[in-house]
Amino acid sequence: MRLFRRPGGFLPRLLALLVAAFALGACSRPQVFHHEAFVFGTRVDVAVYGADQAQADAAAGAVLREFDRLHRAYHAWEPSELTALNEAIARGEPATVSDELAAMLGDAQRIAATGDELFNPALGALVALWGFHTDTFVPRRPDPAALQALLAARPQMADLVIDGKRVESRNRAVQLDLGGYAKGYALDRAAAILREQGVNNALINIGGNVMALGDKGGQPWRIGIQHPRAPAPLATLPLYDGEAVGTSGDYQRYFELDGERYAHLLDPRTGQPARGTQSLTVLITPRPGAGTLSDAPSKPAYLAGESWREQLRRFGIDHGLRVGEDGRIEVTRALRARLQFPAPLEVTVID
């Protein structure tokens, strides 16, 4: 008598169980789940490391929704809470703002004072004069008379009077633009949301402003610092839990006219695009508001040129790197110990 094994017998069932077990094991293996969007005028990426894709998707989705809310609430030229405040200031009237905006303005005011008003979100009118307040950019130089009038008015964050949620300005020329502050603030909000959602390992990247939570499978996250004149990293470095990195540079938002480069980083002292520095990178060690500190304080250091290190000291920042207009690289001793350069470079280390 010959025996025939029917389909569905022991061997096929065993194979099916093995395949199912393998598939379940593969699904539960930790990996990086990327979630991308375009907001704040740039590409953002929320990378969550873990084994639960549903949790990663839910947490990253909450972060991206928060980014969209911040973008709409504090847009500098499309109708928003911020433009409503600017309109009230232009009329010489006080305005009642949200608790969040009042806190942001107070924080930005303190940062501006620490950095000699070189970080100056009150100069939104200057950004508009240079044509950067538009989604359909047209390269142009500002009208000289309008530029001089604005410089003479000297709008500063110190002109704001903040009393609880009541905000007014002593100077009607103040027009607020939080573009140099909002990405860092958004990093802090993202970190808080991810932790609330039970995510302890993630990397948040908002157009080059980056914050790390935890690690990636026991190894630190590793990021690159963009070369300001080449489509490649200038250097790489590990980023540990709670650390944030931000770069101010002349290579992302700029235009060229008659062979000259005009970047969006404007010097409030001259009303002109800043000269002397290609890029300025800071690394913020874990502390409250690390994301915000990776954004706003890099601006006065960028504008300070050769005095950049003194500006960073004022904010308690020990990790910094500057690429000068001539391509010369300066780096603090603390950051140099963390960097890896893909090619031999001449680097000046300073304390």
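The values are calculated or read from the model by the stated rules, or taken from the named source; none is laboratory data. Owing to the predicted nature of the structure, the values given are computational and were not obtained by experimental measurement. Every residue, glycine as well, gets a Cβ built from its backbone with ideal geometry; the counts of neighbours run over all protein chains shown. We work out accessible area using only protein heavy atoms, side chains counted, and drop any ligands, DNA or RNA first. Shrake-Rupley method; radii C 1.70, N 1.55, O 1.52, S 1.80 Å.
Remark: pairs (first residue in the range 199-225, over 9 Å from Leu239 (Cα atoms); second residue among the hydroxyl-bearing types (Ser, Thr, Tyr) and in a strand (DSSP E or B); Cβ separation under 6 Å; 6+ apart in sequence or on different chains) = Asn201/Tyr49; Gly207/Thr42; Gly208/Thr247; Lys216/Tyr49; Gly224/Thr236; Ile225/Thr281.
Here's the yes/no breakdown for (1) of a type in the set (Ser, Thr, Tyr); (2) open to solvent by 20 Å² or more (accessible area, probe 1.4 Å); (3) touching a residue at least 12 places away in the same chain (Cβ under 8 Å):
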{"position": "Ala59", "(1), (2), (3)": "no, no, yes"}
{"position": "Arg65", "(1), (2), (3)": "no, yes, no"}
{"position": "Arg72", "(1), (2), (3)": "no, yes, no"}
{"position": "Pro79", "(1), (2), (3)": "no, yes, no"}
{"position": "Leu82", "(1), (2), (3)": "no, no, yes"}
{"position": "Leu85", "(1), (2), (3)": "no, no, yes"}
{"position": "Gly92", "(1), (2), (3)": "no, yes, yes"}
{"position": "Asp99", "(1), (2), (3)": "no, yes, yes"}
{"position": "Gln109", "(1), (2), (3)": "no, yes, yes"}
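Set side by side, the residues Leu178, Leu147, Leu213 differ, and just one is farther than 30 Å from Ala113 by Cβ and surrounded by 14 or more Cβ atoms within 10 Å (Cβ to Cβ), which is Leu213.
Collect the residues in the range 236-259 that are aliphatic (A, V, I, L, M), open to solvent by 40 Å² or more (accessible area, probe 1.4 Å) and touching a Ser or Thr at 6+ places or on another chain (Cβ under 8 Å), keeping them in residue-number order. Explain how you work it out, then say what you get.
Quick first cut of the range 236-259, residues aliphatic (A, V, I, L, M) only: 237, 239, 244-245, 257.
Restricting the remaining residues to those that are open to solvent by 40 Å² or more (accessible area, probe 1.4 Å) gives 257.
Those that are aliphatic (A, V, I, L, M), open to solvent by 40 Å² or more (accessible area, probe 1.4 Å) and touching a Ser or Thr at 6+ places or on another chain (Cβ under 8 Å): none in the range 236-259.
Among what's in the range 171-215 and is out of contact with any Leu (no Cβ under 8 Å at 6 or more places or on another chain) and among the charged types (D, E, K, R), pick the residue that is farthest from Leu82 (Cα to Cα). Selected residue: Asp215.
Among residues of the range 242-267 that are in contact (Cβ under 8 Å) with a residue 24 or more places away in the chain and among the basic types (Lys, Arg), those with a beta-carbon under 6 Å from a residue that is open to solvent by 10 Å² or more (accessible area, probe 1.4 Å) and assigned to a loop (DSSP other than H, G, I, E, B) at least six positions away or on a different chain give the pairs Arg253/His264.
Can you pull out every residue in the range 260-287 that is among the charged types (D, E, K, R) and open to solvent by 40 Å² or more (accessible area, probe 1.4 Å)?
Start the filter on the range 260-287 by keeping residues that are among the charged types (D, E, K, R), which leaves 260-261, 267, 269, 275, 287.
Within the range 260-287, Glu260, Arg261, Arg269, Arg275, Arg287 meet the criteria.
Say whether the condition of being open to solvent by 20 Å² or more (accessible area, probe 1.4 Å) and under 21 Å from the mean Cα position of the chain (by Cα) is met by at least one residue in the range 46-53. The answer is yes; a qualifying residue exists.
For the range 217-235, the set of residues classified as more than 18 Å from the chain's Cα centre (by Cα) and either closer than 30 Å to Ser28 by Cβ or open to solvent by less than 60 Å² (accessible area, probe 1.4 Å) (or both) consists of Gly217, Gly218, Gln219, Pro220, Ala230, Ala232, Leu234, Ala235, listed by residue number. The set of residues from the range 182-202 being more than 17 Å from Arg287 (Cβ to Cβ) and open to solvent by less than 30 Å² (accessible area, probe 1.4 Å) comprises Ala182, Ala186, Ile193, Leu194, Val199, Ala202. Restricting attention to the range 201-230, the residues that are touching a helix residue (DSSP H, G or I) at 6+ places or on another chain (Cβ under 8 Å) and over 16 Å from Arg43 (Cα atoms) add up to 2.
Checking the stated criteria, Ala334 turns out to be over 27 Å from Leu266 (Cβ atoms) and in contact with a His (Cβ under 7 Å, 6 or more places away or on another chain). When the range 162-173 is filtered for residues that are in contact (Cβ under 8 Å) with a residue 24 or more places away in the chain and either of a type in the set (Phe, Trp, Tyr) or open to solvent by 50 Å² or more (accessible area, probe 1.4 Å) (or both), the ones remaining, listed by number, are Ile162, Gly164, Lys165, Arg166, Glu168, Arg172. Which residues, taken from the range 117-144, are surrounded by fewer than 17 Cβ atoms within 10 Å (Cβ to Cβ), farther than 17 Å from Gln272 by Cβ and of a type outside the set (Ser, Thr, Tyr)? Answer for the range 117-144, where residues must be surrounded by fewer than 17 Cβ atoms within 10 Å (Cβ to Cβ), farther than 17 Å from Gln272 by Cβ and of a type outside the set (Ser, Thr, Tyr): Asp135, Phe137, Val138.
Take the range 93-130 and flag every residue that is assigned to a loop (DSSP other than H, G, I, E, B), of a type in the set (Gly, Ala, Ser) and over 14 Å from Leu176 (Cα atoms). Before you say what the answer is, go through the steps one by one.
As a first pass, look at the range 93-130 and keep what is assigned to a loop (DSSP other than H, G, I, E, B): 93-94, 97-98, 115-122, 130.
Filter again for of a type in the set (Gly, Ala, Ser), leaving 98, 115, 122.
Ser98, Gly115 - these are the residues of the range 93-130 that are assigned to a loop (DSSP other than H, G, I, E, B), of a type in the set (Gly, Ala, Ser) and over 14 Å from Leu176 (Cα atoms).
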